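See structure below.
Nothing in this text is a laboratory measurement; each read-out follows from the coordinates by a stated rule. Quick caveat: nothing in here was measured; it's all calculated off a predicted structure. Cβ atoms come from the backbone with ideal geometry, glycine included; neighbour counts cover every protein chain shown.
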Amino acid sequence: MKGIVFTEFLEMVEKTFSPETADQIILASELPHGGAYTAVGTYPHAEMVSLVVHLSEVSATPVPDLLRTFGRHLFSRFVALYPAFFPSGMDTLTFLAGVETHIHAEVLKLYPDAQLPRFDTRRAGEDELVMDYRSDRAMHDLAEGLIHGCIQHFGERVHLRKEVVDGTGGTCARFVLRRERL
Amino acid sequence: MSEIELLQRRLSRERLARKEAERLLEEKSRALFETNLKLQEHATHLEAEITERKRTEARFRNITESLAEGLLLVAPDGVILYANQRMTNLIGHSPGELLGKTIRDLVVPAAEGQPARAQFWEFEDTGPVCITADLELCHKDGHRLTAQVHAAPYYDSSGTCRAMIGALTDISDRRRAEAELVRLNDRLVEASRLAGMAEVATGVLHNVGNVLNSVNVSSTLIRDQLRQSRLSHLLRAIALLREHEANLPDFLSRDPRGRQLPAFLQLVTTHLQEENLRLLKEADGLDANLQHIKHIVAMQQSFARVGGAEETIAARDLLEQAIELHTGALQRDHIELIRHYQAHPTLLVDRHKVVQILVNFLRNARHALAEAKVPTPTITVLLETTPEQTVRLAVTDNGIGIPTENLTRIFSHGFTTKRDGHGFGLHSGALAAREMGGRITVASEGPGRGATFALELPAGAASRNPLRPPG
Ligand code: HEM
């Protein structure tokens, strides 16, 4: 997993909880490099899982909630870091419909070793979008947070419903977005 | 846990992270440097390739521009994708003006009856095929021209045919020359026909001249006869009798003149009777000769018709008619004529055409003999049916003959060995023979060994056209 995910995660922990909490979960995770993450590096996905699980224990907050919160935070960071992906006139559904073909495709060019989820999207009319998430890392909660961050960024009223496909261990999920016109 | 320890740990983490980042950065820099080197290498390579490409392209452009033909690249819908400079000379429009136009914009509207070819495209089961066509084009200045186009499918690098490439040549001059040739040929054929008619007419005049000679002799004879007539003697005797009307018995018995009168009258009567008989005979001859002239003239009139209708005629009649037109000349030149009529077929032909050919044969034979000066000039006329069931009418002479190298050229247009010859007698004859479904052949064993000209025609009406109802 790309280092940026770790650095952003730890930054969020320091801000939302405390520097002590961040230090605590790093120590508890017994990481080989002592938690010295750099945004340009690449680290095992399992380290992220370990960090999140320990944060959940320390903060007595369920893992899904943590991932959703992290998703929102991460999206706001993306907006700050990659303004090129946010041209004027863009809206929530159009942006999300292009995550797979447009955004992650570009990410893959920059980092050929990136491990990205797969999104199959379908526009069911002007104000409805269906996104089918698929990833061995089963991080649909992170995706959910990212989507909420996205909705918040564009300031539209979009209703989001998530269905995790039974028996897939969370590797498959469907997001249905419906936009309300004001 | 003291705050100092925490800060120390964070600091050491940041240090480690920085070192890791620097390591990664260095790694990336090295990779970038190497990539850059490779890119430079590529760029040099590409530059060389581009230069080479440009050279090749310039050479190809030079080739297409130096071609004598106008070149057009045409899409399936007829739109022009490329034109070389030479097209401008051909049609007045510059390559720039031609781009985007369609072939249809260039062809003369009236000539649009050939749209498939005018669009360059023609398809067979296997796809587009090479075509050759003549197009009527409109020059920018308005004049018309004929261009011959050779078009071929133009395949791109993937092997698909997306255009046809056509090479155009202005053939207007050639076209005009061809038309002129046809016109000249028509005129020659017409001249030949007239010459043939003149030949027939000359023959007629000759024959009529001969007969007129006899007529002349007859009329002179009759006039002389009448001038020397014994009628005057009779008149003198009658005058004597009138003189002695008063005492005729005395005169007849006593006068010595009177006593001779009966015997004299007897003599005069006998003479007059003989004279009458002679004149009658001469008048008969005159009549026969006049009939002959009438016949000859009638025949000439039948030849004067242009392209007469076909009729069923005995082949020997045709030969005889041709011979008759030459009789005077044959006699004058002391040429012996031998007839070998080995068959008696009929022909369904235009009499005029056949007789004209035969008249030409005989004329050629006469000329060949006149030049040869042989002791026994002879023309043999042969009529036979060949094993292939064709009718063969042949004229053989023992004249100057024909060198082998001339045998093949003899039917070609304008060929002649005669000083005053037109050189189209045999050519037009050969054409006429072919029109009738037959042919003309010539044979000669060489100079000084005579020649045979033969006309071969399909036999009779039945075999000529089996579907024709009998009668
Ligand atoms: C400017 C926008 C975005 C950027 C630059 C971006 C970039 C990335 C990067 C770098 C990763 C890490 C890949 C790795 O660790 O190998 C990632 C992972 C991921 N991204 Fe995005 N992303 C963007 C927007 C989104 C959005 C809008 C969604 C949700 C719909 C999304 C869903 C995910 C998920 C779920 C993962 C985790 C990996 C997985 O589930 O397999 N991303 N993204």
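Given contacts defined as C-alpha pairs under 8 Å and at least six residues apart, what's the relative contact order of the stretch B:191-303, whole-number percent?
Dividing the mean separation by the residue count of the stretch B:191-303 yields 50 percent.
Pick from A:ILE103, A:ILE147, A:ILE25: which residue has the top mean-square fluctuation in a GNM of chain A where Cα pairs under 10 Å get a spring?
Among A:ILE103, A:ILE147, A:ILE25, the largest mean-square fluctuation in the Gaussian network model of chain A belongs to A:ILE103.
Take the alpha carbon gyration tensor of the stretch B:143-302, find the square roots of its eigenvalues, order them as a ≥ b ≥ c, and report rounded if a/c is under 1.5; if not, report prolate when a/b exceeds b/c, else oblate. Please list the in-between numbers first.
Values: a/c = 10.61, a/b = 7.80, b/c = 1.36.
Since a/c reaches 1.5 and a/b is larger than b/c, the shape of the stretch B:143-302 is classed as prolate.
Gain in length, B:LEU6 to B:GLU324, computed as 0.36 nm per residue apart minus the alpha-carbon separation, to one decimal in nm?
Numbers: separation 318, 0.36 × 318 = 114.48 nm, distance 14.68 nm.
Answer, rounded to one decimal: 99.8 nm.
For chain B, what value does the Rg/Rh ratio take when both radii are computed over Cα atoms and Rh is the Kirkwood radius, given to two decimals?
On the way: Rg = 49.5 Å, Rh = 33.0 Å.
Here Rg/Rh amounts to 1.50.
Pick out which of A:SER50, A:SER135, A:SER88 has the largest mean-square fluctuation in a Gaussian network model of chain A, springs linking Cα atoms closer than 10 Å.
In the Gaussian network model the winner is A:SER88.
Evaluate E = 1/(1 + (r/R0)^6) for B:VAL189 and B:ASN406, where r is the Cβ-Cβ distance and R0 equals 30 Å; express this FRET efficiency to the nearest 0.05.
0.85
Just need the relative contact order of the stretch A:90-179 here, percent rounded to a whole number, with Cα pairs under 8 Å and 6+ apart.
Relative contact order comes out at 29 percent.
Can you give the local net charge around B:ASP77? Use residues other than it whose beta-carbon is closer than 13 angstrom to its beta-carbon, Lys and Arg +1, Asp and Glu -1.
+2
Could you work out the helix-only [θ] at 222 nm for chain B, with each DSSP H run of four or more residues adding -39,500 (n - 2.57) and the total divided by the number of residues, to the nearest 500 deg cm²/dmol?
Computed mean residue ellipticity for chain B: -18500 deg cm²/dmol.
How many angstrom separate the Cα center of the stretch A:55-125 from the Cα center of the stretch A:127-178?
10 Å
Please work out the Cα center distance from the stretch B:147-195 to the stretch B:367-409, rounded to the nearest Å.
Rounded to whole Å, the Cα centres lie 42 Å apart.
Tally Lys/Arg at +1 and Asp/Glu at -1 over every other residue whose Cβ is under 14 Å from the Cβ of B:ARG53; what's the total?
0
So what is the relative contact order for chain B, in percent, with contacts set as C-alpha pairs under 8 Å and at least six apart?
Details: 633 pairs, mean separation 41.9, N = 471.
This gives 9 percent for chain B.
Around A:GLU57, under 15 Å between beta carbons, what's the net of Lys plus Arg minus Asp minus Glu among the other residues? Let's see the in-between values first.
Details: positive: none; negative: A:GLU20, A:ASP23, A:GLU30, A:ASP65.
Local charge sum for A:GLU57: -4.
At a 10 angstrom cut-off on C-beta neighbours, averaged per residue, how do the peptides B:396-406, B:54-64 rank from highest to lowest? Intermediate values should be presented prior to the final figure.
On the way: B:396-406: 18.2, B:54-64: 11.0.
In descending order of packing, they fall as B:396-406, B:54-64.
Per residue of the stretch A:42-56, what does 6.51 cos²θ - 1.76 cosθ + 1.60 with θ = phi - 60° give for ³J(HN,Hα)? Whole Hz please, x for Gly and Pro, Karplus curve as stated.
9, 9, x, 4, 4, 5, 5, 4, 4, 4, 5, 4, 5, 4, 4
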